[in-house]
1. How high is the relative contact order of the chain? Use alpha-carbon pairs under 8 Å, at least six apart in sequence, and give a whole percent.
2. Quick check: pseudo-label points 7 Å beyond the Cα along Cα→Cβ at Lys160 and Ile130, how many nm apart are they?
3. Helix-only estimate, please: 222 nm mean residue ellipticity of the chain, summing -39500 (n - 2.57) across DSSP H runs of length 4 or more and dividing by its residues, to the nearest 500.
4. Can you compute the label reach from His112? Point 7 Å from Cα along the Cβ direction, backbone N cut-off under 15 Å, restricted to the range 55-86.
5. Accessible area, 1.4 Å probe, largest first: how do Ser40, Ser168 sort?
6. Strictly greater than 22 Å: what percent of every Cα pair in the range 1-84 meets that?
7. Find the accessible area per residue for the chain; the probe is 1.4 Å, ligands and nucleic acids are left out, and the unit is Å².
8. Quantify, in whole percent, the carbon and sulfur part of the accessible surface of the chain (1.4 Å probe; protein heavy atoms only).
Amino acid sequence: PAAFSTQLGYVPQDDIVHRDLTVERALYYAARLRLPSDFSKEQIRWRIDEVLEDVEMTERRKSLVSKLSGGQRKRVSIALELLANPGIFFLDEPTSGLDPGLDRKMMMLLRHLADRGRTIILVTHATNNINTCDSVCFLAQGGRLAYFGPPNEAKTFFEKVDFAEIYSTLEPTKEQPDIPALAEARFLASPDYQRYIAIPLENGGDTHN
């Protein structure tokens, strides 16, 4: 685990930043804990400047965390994890509780981070801006894989015009309790499974992106 501690970043659904500190101070203490002990104060300040720019929060560095909006606090939580410069980022419901405008801003921020070379993996039930993702994975009850591939092709695969409709398609009923298993079997037998999972794995993990 220690070998991966600086390579993996995780932002939980609940904010993890101390609310009685300024943004800058919260990041400073986090940096002292997460960055190598031989980092100088100047190097720490430089790293804080860099992550604040990444999450577009430079102008709020002197603000108390408690005075920030929900979306801004989420950005600070992301900045906190960015301090160690992880290559892979896991986020649990990063847009939970945000209005549609902030939802879009947050997804575009994650798109920006991905375009700069990071792998972003997020759990979400908000699908309004899911097209900013390269790939989407739908899991049915029991963790059964019902689809993996480009977002727009998911609607074609499920023959739905809206992502929200896919949820009800995968929900088991009293009449059909085996819907999750059937959904998984259908995907495993599909050309999409071959195109987006089987063939890339055979080729050493290369994807269509």
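1. The normalised contact order for the chain reaches 17 percent.
2. If labels sit at Lys160 and Ile130, their model points lie 0.6 nm apart.
3. For the chain, the value works out to -12000 deg cm²/dmol.
4. Those under the cut-off are 55-61, 71-80, 82.
5. From most exposed to least exposed: Ser168, Ser40.
6. Cα-Cα pairs in the range 1-84 separated by more than 22 Å: 19 percent.
7. Values: 12160 Å² over 209 residues.
Using a 1.4 Å probe on heavy atoms only, each residue of the chain averages 58 Å².
8. Numbers: 6240 of 12160 Å².
Answer for the chain is 51 percent, counting heavy atoms of protein chains only.
The values are calculated or read from the model by the stated rules, or taken from the named source; none is laboratory data. All figures in this text were calculated on a predicted structure; none of them were measured in a lab. Cβ sites come from the backbone with ideal geometry, for glycine too, and all protein chains shown count toward neighbours. For accessibility, only protein heavy atoms count, side chains too; no ligands or nucleic acids. Shrake-Rupley method; radii C 1.70, N 1.55, O 1.52, S 1.80 Å.
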